[in-house]
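For reference, the structure is listed below as structure tokens.
Only the coordinates and a few stated rules stand behind these numbers; no lab work does. All values derive from a computational prediction rather than experimental measurement. Here the Cβ positions follow ideal geometry from the backbone for every residue, glycine too, while neighbour counts run over all protein chains shown.
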């Protein structure tokens, strides 16, 4: 700006020729002449440096396409679903034979003010990434909290397949107990097959190692032939996939009308899980849906144990009667299991894997385990 003003003043004020001024300062005569012409038409403001950017971009996306991208972004965001460039590309591909690339969609979102730079983010190259090679090779599980409309706190138990990211179970409970996570494991196993291993944090509902004992979950996993793995204390990144699922689920729930009951919240969770598993393409799986990724390969299985029949899996809630026993039906016959009169009235959970039965109290204490003798109607009280 200072040079341009000096050159203009040399011509206009001193009345020197454009050729002389250009030769004296080593610049183009035509540029000096252009500056003088701009000054005479608009003053000093007209000689300010101008942007060299093109006033028209030939291959820029049309306003109609940009409006469609923004509309899909807003619709997905309002429903609480992921609304990134990859997801928008997927939704556009359902109706467009040649949708714009994800980079083009990202530039549209940035131009329209939907993308905020985040230079503080940790670079991807610094992450150490692990992924199972087969479906059911490893599941991850964790518990997260939520609130009902009246501010009552509830908890959500989630189980996620490490390879496919498919959510095999997401159950809402008032307060999570050891029998709850075991029952959810059996429920997920009945629908998707049991995993070869399970990864969790060190929560009390999962493990009793730090109490120098065995939890209901640890006992069940051992008898089902499922390897059990723990994350390091205060290191949630180990269970990063299920932790990320918590975040995605909560983003969806925050956009819904606050649930008044556990049943209503469970319906919202079920709706999200159906969308997440069946419709939403997952970026980590090359834009496949989690269910498609789950069905793309053979499934891993638990280690076979000769003394455990895992083909028939059941969970029963019962109360020990006044005679100190509970009753279970096996192959259309009733069998009575003795636990002792001292426990009468105690609420228990029966975990049934074929003929192998484990009786656990509601606080996770193993009361009795046995292999059912189908020839006897009464299974006498025995030791663990």
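Quick one: angle between helix 262-278 and the longest Cα principal axis of the chain, in degrees between 0 and 90, rounded to 10, please.
Computed tilt is about 60 degrees.
Specify the angular offset, from 0 to 90 degrees and rounded to the nearest 10, of the alpha carbon long axis of helix 178-192 from the longest principal axis of the alpha carbons in the chain.
Taking Cα atoms only, the helix is inclined about 70 degrees.
Can you put 245, 39, 130 in order, fewest other beta carbons within 10 Å first? Could the numbers behind the result be given before it?
Details: 245 23, 39 20, 130 11.
The order, fewest Cβ neighbours first, is 130, 39, 245.
Given contacts defined as C-alpha pairs under 8 Å and at least six residues apart, what's the relative contact order of the range 2-47, whole-number percent? Walk me through the intermediate numbers first.
Values: 33 pairs, mean separation 16.4, N = 46.
Across the range 2-47, relative contact order equals 36 percent.
Restricting to DSSP H runs of at least four residues, report the calculated mean residue ellipticity at 222 nm for the chain, -39500 (n - 2.57) per run over all residues, nearest 500 deg cm²/dmol. It would help to have the intermediate numbers written out before the result.
Numbers: 11 runs with 130 residues, N = 384.
Mean residue ellipticity at 222 nm (helix-derived): -10500 deg cm²/dmol.
Give me the percent of DSSP beta bridges within the range 139-294 that run antiparallel, rounded to the nearest 5. Please list the in-between numbers first.
Numbers: 16 of 22 bridges.
Bridges in the range 139-294 are about 75 percent antiparallel.
Tell me, what does the Kirkwood hydrodynamic radius of the range 2-47 come to in angstroms if you use every pair of distinct C-alpha atoms?
About 10.1 Å, per the Kirkwood formula over Cα pairs.
Remind me, relative contact order of the chain in percent, using alpha carbon pairs under 8 angstrom and six or more residues apart? Walk me through the numbers before you get to the answer.
On the way: 598 pairs, mean separation 47.0, N = 384.
That works out to 12 percent.
Given contacts defined as C-alpha pairs under 8 Å and at least six residues apart, what's the relative contact order of the range 236-294, whole-number percent? Write out the running numbers ahead of the final one.
Details: 29 pairs, mean separation 11.3, N = 59.
With pairs under 8 Å counted, the relative contact order is 19 percent.
Using the count of nearby Cβ atoms within 10 Å as a rough guide to exposure, how do 244, 165 rank from fewest to most? Please list the in-between numbers first.
On the way: 244 13, 165 26.
Fewest-to-most ranking of 244, 165: 244, 165.
Sort 27, 352 so the one with the fewest other Cβ atoms within 10 Å of its own Cβ comes first. Before the final figure, lay out each step's value.
Details: 27 15, 352 20.
With the fewest neighbours first, 27, 352 line up as 27, 352.
Most mobile of 90, 330, 44 per a Gaussian network model of the chain (Cα springs, under 10 Å)?
44
Could you order the peptides 74-83, 268-277 from most to least packed, using the average number of other C-beta atoms within 10 Å per residue?
On the way: 74-83: 15.7, 268-277: 18.5.
With the highest mean Cβ count within 10 Å placed first, the list reads 268-277, 74-83.
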